[in-house]
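Okay, so here's the structure we're looking at.
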Amino acid sequence: MDSRPSARPKLTTILLRTLVVLLLSTPVIVLLLAIESSPSLVVEQQLSDEELSKIQTLLLESTPQSPSYASRHELQLNSQELSLLLRYAVNIMNLSSDWAAQTQLSQGNLNTQLSVQLGAGPLPIYMNVEADFIEDANLLTLNALRIGRIDVPNRLLQFTLQRLRGDLATENVAYQDFSELINTIERVDLEINQMTVALQWNRNLISRIGSQAQQLFISEQDQQRIINYYAIITNIAAAVPIDIRAVSVNAFLSPLFAAAAEKTLAGSDPIAENRTAFQTLAAYLNKESIAQLIGKESAAEIEPAPFIEARLLRRQDLAQHLVSVAAITASAGADLAQMLSTTKEAYDARYRSGFSFSDLTANNVGVSIARLATRDPETAKIMQGRLANLQNESDYMPQVGNNQDGLSETDFNAMYTDRSSPQYAKRLAEIQTLIDSRPLFSELFQ
């Protein structure tokens, strides 16, 4: 009788081993197909002054004339404008060295390309993503997705999107509001080099989504810091005599940053302490609910602080400008804060009280204070000490009595042409020089 093992067991063993190797190597194969050695896009991320001015104009024209009221609003953007906004978003997220993105519009189609550098070194690798969106029932639908050399099967793509929407709809309050926002869109038209979006503007919904987005970037530790600073604000406001209507903003800044300095000495992160102090004070001075920072459940357990008006150079609006922009700078960076502040003044020039260099000065002071207060731990500690020992508002705020305020858009353009002109840049530089010379900033900008 032949004692040699049969050929069948040998073949079975080989097949099993081969299958195991394939199964184990599948994720590696997919990864190798998804990553590439060069980017599909090389986009210059550094924005010129002219491009920044264009972004301000886009933001201005994307805002309804009366944003406090419900109204029908229409947006129109071309491919270059969409790509410019994408580049700006990449910049403010500090991704510009590793990310590149652009969009292209054709009839009924929006193509978006994204290139992400995954690693540096002698052999950098990239993930290149391309997505096609099409018009579908007056909305945009993701129709095709390519990651590296992998074309994601459409059935898998639609199944994944449907499953993801279902999970989010039942578990995520923010997604429910986002779905409501999608429902306000009446029409999306994709044409050659132009996208038109018609929607019903809902201020309350926009505000709610903004608050939820803000909470995504506030950790549990930061929420507890905010609760602590809100308690300090409550004590400050309660101690003001009943016959006093308003106080200097210094009455809030000094004790808040004295408390921040104490927490830092106890081992806390000085940058986090400064950031949350600004966030909490901005919410209070603007009469916004603390719930937008810590959530409704935590806010329900806190007694609302009595409101005392804070002023800067005897003006409530200047105090609000300074602290609000400081909070944005500390949370999202100086570039975004400056963009929003100048766009706000341009909006006022077009629709409301006029362009104000006094407001712009307070905005820039807020940027300067918060930039230093969150630049690095050592500078953050120095700013805590200086803010805790403020003597006068002139320690950080230049006089604004000689500013030209209330300029209409026509008057502004007659004087400065536009916000990318050398004349306007010179005026901004003069204001910043005045700010930098204030004692609070002494030797810190060198």
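The values are calculated or read from the model by the stated rules, or taken from the named source; none is laboratory data. As the structure is a prediction and not an experimental result, all values here were calculated from the model. Backbone-built Cβ (ideal geometry, glycine too); neighbour counts: all protein chains shown.
From A237, A213, grab the single residue that is modelled with pLDDT of 90 or more and among the hydrophobic types (A, V, I, L, M, F, W, C).
None of the others qualify; the one that does is A237.
Starting from the stretch 148-160, take each residue that is touching a residue at least 60 places away in the same chain (Cβ under 8 Å) and list its partners that are part of a helix (DSSP H, G or I), counting only C-beta distances under 6 angstrom and pairs at least six apart or across chains.
From the stretch 148-160, the pairs are G148/L33; G148/A34; R149/L33; I150/L33; I150/A34.
Looking at this structure, is R352 in the same structural domain as L256 (by TED's automatic domain parsing) and over 16 Å from V249 (Cα atoms)?
Yes; evaluated as a whole, the condition is true for this residue.
Give just the number: which of (1) without any contact (Cβ under 8 Å) to a residue 12 or more places away in the chain; (2) in contact with a strand residue (DSSP E or B) (Cβ under 8 Å, 6 or more places away or on another chain) does D405 not satisfy?
Condition not satisfied by D405: (1).
Can you give me the number of residues within the stretch 404-426 that are touching a helix residue (DSSP H, G or I) at 6+ places or on another chain (Cβ under 8 Å) and over 14 Å from A349 (Cβ atoms)?
3
Is it the case that some residue within the stretch 422-430 is without any contact (Cβ under 8 Å) to a residue 24 or more places away in the chain and touching a Ser or Thr at 6+ places or on another chain (Cβ under 8 Å)?
Yes, the stretch 422-430 contains a residue that is without any contact (Cβ under 8 Å) to a residue 24 or more places away in the chain and touching a Ser or Thr at 6+ places or on another chain (Cβ under 8 Å).
Looking only at helices (runs of 4 or more DSSP H) that lie completely in the stretch 326-424, which have at least 1 residues being more than 26 Å from the chain's Cα centre (by Cα)?
Helices (runs of 4 or more DSSP H) meeting the threshold: 377-388, 409-416.
Mind counting the residues in the stretch 244-290 that are surrounded by fewer than 24 Cβ atoms within 10 Å (Cβ to Cβ), assigned to a helix (DSSP H, G or I) and either basic (K, R) or not assigned by TED's automatic domain parsing to the domain that holds Q320 (or both)?
Here the count works out to 1.
In the set S331, S356, S324, which member is surrounded by fewer than 22 Cβ atoms within 10 Å (Cβ to Cβ) and on the phi < 0 side of the Ramachandran plot?
S331
Can you pull out every residue in the stretch 291-317 that is surrounded by 14 or more Cβ atoms within 10 Å (Cβ to Cβ), in a helix (DSSP H, G or I) and within 25 Å of the chain's Cα centre (by Cα)?
Of everything in the stretch 291-317, those that are surrounded by 14 or more Cβ atoms within 10 Å (Cβ to Cβ), in a helix (DSSP H, G or I) and within 25 Å of the chain's Cα centre (by Cα) turn out to be A291, Q292, L293, I294, S298, A299, D317.
Return the residue satisfying two criteria in turn: it lies in the stretch 398-446 and is at pLDDT below 90, hydrophobic (A, V, I, L, M, F, W, C) and exposed (fewer than 15 other Cβ atoms within 10 Å of the Cβ), and of such residues it is nearest to T343 (Cα to Cα).
Per the criteria, the residue is A425.
Need the failing condition index for G385 against (1) within 30 Å of T264 (Cα to Cα); (2) without any contact (Cβ under 8 Å) to a residue 60 or more places away in the chain, just the number.
The number of the failed condition is (2).
Restricting the search to the stretch 107-126, which residues are closer than 19 Å to S83 by Cα and surrounded by 13 or more Cβ atoms within 10 Å (Cβ to Cβ)?
G108, N109, L110, N111, T112, Q113, L114, S115, V116, Q117, listed by residue number.
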